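Taking it in order: structure first as structure tokens, then the write-up.
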Amino acid sequence: MKPHSARPAGKPYQRGMASWYGSGYRTANGERFNPNGLTAAHPSLPFGTRLRVVNGNGRSVVVRVNDRGPFTRGRIIDLSRGSAFAIGMKGTSAVEVYRVADAEAGLE
């Protein structure tokens, strides 16, 4: 999937540090973890919530919340390896997180 490069209109839901993870067997919602998928772990949003994550370089990706985390203080979201790769993330990065409607995510 090709990453987007435009920042969404409106105020971000959250701003902060993101990290990524690439190993695991099952996610908190019970599905099999796919390290190359466009998914994320968030501490409180409902499973299935779609989010646009915008990296400091301006690249963005739409992810689906399917896990809980991050469990490291100071981080707001953990991206799967595939999501992090899509926005050019290496290690941790400052990001903006926007909630996405189904129409914007291309799901209608």
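The values are calculated or read from the model by the stated rules, or taken from the named source; none is laboratory data. No experiment lies behind these values; they were computed from the predicted model shown. A quick note on method: Cβ atoms are made from the backbone with ideal geometry, for glycine too, and the neighbour counts reach across all protein chains shown.
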If I ask for residues that are part of a strand (DSSP E or B) and buried (at least 21 other Cβ atoms within 10 Å of the Cβ), which ones from segment 37-50 would you list?
Thr39, Ala40, Ala41
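The rows are residues; the columns are (1) among the polar types (S, T, N, Q); (2) closer than 15 Å to Pro12 by Cβ; (3) modelled with pLDDT under 95; (4) out of contact with any Pro (no Cβ under 9 Å at 6 or more places or on another chain).
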position	(1), (2), (3), (4)
Pro43	no, no, no, no
Arg50	no, yes, no, yes
Gly58	no, yes, yes, yes
Arg68	no, no, no, no
Ile77	no, yes, no, no
Ala84	no, no, no, yes
Lys90	no, no, yes, yes
Glu96	no, yes, no, no
Asp102	no, no, yes, yes
Residues of segment 6-27 satisfying the condition of being exposed (fewer than 13 other Cβ atoms within 10 Å of the Cβ) and either free of Cβ contacts under 8 Å to residues at least 60 places away in the same chain or closer than 14 Å to Ile76 by Cβ (or both):
Ala6, Ala9, Lys11, Arg15, Ser23, Tyr25, Arg26
Condition check for Ile77: touching a Ser or Thr at 6+ places or on another chain (Cβ under 9 Å) and closer than 22 Å to Arg26 by Cα:
yes
Filter segment 51-87 for residues that are without any contact (Cβ under 8 Å) to a residue 60 or more places away in the chain, farther than 16 Å from Val100 by Cα and basic (Lys, Arg); the one that is surrounded by the fewest Cβ atoms within 10 Å (Cβ to Cβ) is Arg73
